[in-house]
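To start, the structure itself, in structure tokens.
We did not get these values from a lab; they are worked out from the coordinates using the rules stated. Computed from a predicted structure; not experimentally measured.
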Amino acid sequence: MEQEQYEQAVKFLDVALRLDPENLQALFYKGIALVELKREDEGCRCLNKAFYGGVDDAADYLKQSCYEVLK
């Protein structure tokens, strides 16, 4: 993620989520990567699920990238 290799990040995060489907941090980072890849619908779903699962950091990304009113 830090190197902006989002496609590769999504692949690794998919593996992490297959191993542990309840890994909210992996879901959070997958959401960020997908939004950066302009796959907003899928990324926002991941961020939303992470936020409602308890990852408070997802709120800023949701506001910034997912809510049409704020864009």
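Here are a few things to note about the model shown:
- Helix 24-36 vs. the chain, principal-axis angle (Cα, 0 to 90°, nearest 10): 60
- Calculated diffusion of the chain, Stokes-Einstein form, Kirkwood radius summed over Cα pairs, 4 °C and 1.567 mPa s, µm²/s: 109
- Count of Lys pairs (Cα-Cα under 15 Å; at least 8 positions apart or interchain) in region 5-71: 6
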